[in-house]
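Structure, as structure tokens:
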Amino acid sequence: MLVGYVRVSKADGSQTLAPQRDAMAAAGVEPDRIYEDLASGRRDDRPGLAACLKALQPGNTLVLWKLDRLGRDLRHLVNTVDELRTRGVGLKVIAGAGAQIDTTTANGRLAFGIFAAFAEFERELISERTNAGLAAARARGRMGGRPRKMDRATLMMAMAAMADREAKATEVARRLGLTTTTLYVYVNGDGTPKAAGQALLDAPAAVRPRQLQVAG
């Protein structure tokens, strides 16, 4: 079964879903199997995408007008495509840079497999960076004792560690010498920075010490 997903970034009427819906119809997607969002691709809260991914079953194929309709960034795109593959869900991209992806063809399956390789590479890279960072932290005596406050280097290690789906916040916090509360002040469960974390990342070097006032 073909399931479509369409999206435009603006809900003010200046952009229309009609061209994408027409492309879906031409690809054989039934109108009642098309999910839609009127939101920027960078937003996490896209109810249409969430419903679409939930509805997909093994053997289904997700149809996109362009690949950028799906992912909010490269990491999100790679991980989402890899998740579809592991669930037994196919992918077909109609136009744009990803139009070579069509799991009903041999070349399309090859392109689909490349995403799996990228996802595995990213997981290994994150693991290597995290282990190296934690080893450096231990060497500097950051294990045990009074919980430390957040700084930019620790934040970046925390983000890399939390991006691993199997990471446990309590263990990440313990290894970095933080409390779990402090960790979650700065980092979301998927490794993306919260407002306080983004402020710390964006702050000039001379200002960063002021960002460390959140109690551990």
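The values are calculated or read from the model by the stated rules, or taken from the named source; none is laboratory data. The structure presented is a predicted model; accordingly, all values stated were derived computationally and were not measured. Cβ sites come from the backbone with ideal geometry, for glycine too, and all protein chains shown count toward neighbours.
Restricting to region 1-15, and then to whatever is surrounded by fewer than 16 Cβ atoms within 10 Å (Cβ to Cβ) and hydrophobic (A, V, I, L, M, F, W, C), can you tell me which residue is modelled with the lowest pLDDT?
Across region 1-15, the extreme among qualifying residues is 11.
Go through region 38-64 and give me each residue that's at pLDDT 90 or above, under 19 Å from residue 8 (Cα atoms) and crowded, with 18+ Cβ neighbours inside 10 Å.
49, 52, 53, 62, 63, 64
Within the bounds of region 143-160, is there any residue that is assigned to a loop (DSSP other than H, G, I, E, B), on the phi > 0 side of the Ramachandran plot, modelled with pLDDT under 65 and among the small types (Gly, Ala, Ser)?
Yes; the residues of region 143-160 include at least one that is assigned to a loop (DSSP other than H, G, I, E, B), on the phi > 0 side of the Ramachandran plot, modelled with pLDDT under 65 and among the small types (Gly, Ala, Ser).
From the list 95, 18, 111, which one is within 25 Å of residue 164 (Cα to Cα) and modelled with pLDDT under 95? I'd like the intermediate steps shown before the answer.
Working: 95 fails: within 25 Å of residue 164 (Cα to Cα); 18 fails: within 25 Å of residue 164 (Cα to Cα).
Result: 111 is the single residue among 95, 18, 111 that is within 25 Å of residue 164 (Cα to Cα) and modelled with pLDDT under 95.
Given the condition among the aliphatic types (A, V, I, L, M) and more than 25 Å from residue 78 (Cα to Cα), answer yes or no: does some residue in region 157-169 qualify?
Our first condition is that a residue be among the aliphatic types (A, V, I, L, M); within region 157-169, this holds for 157-163, 167, 169.
From what is left, the residues that are more than 25 Å from residue 78 (Cα to Cα) are none.
There is no residue in region 157-169 that is among the aliphatic types (A, V, I, L, M) and more than 25 Å from residue 78 (Cα to Cα).
Residues in region 66-76: is at least one out of contact with any strand residue (DSSP E or B) (no Cβ under 9 Å at 6 or more places or on another chain) and modelled with pLDDT of 85 or more?
no
Tell me, please, whether a residue that is over 15 Å from residue 157 (Cα atoms), at pLDDT below 85 and in a helix (DSSP H, G or I) can be found in region 177-198.
no
All but one of (1) small (Gly, Ala, Ser); (2) assigned to a loop (DSSP other than H, G, I, E, B); (3) modelled with pLDDT under 65 hold for residue 117; which doesn't?
The single condition residue 117 does not satisfy is (2).
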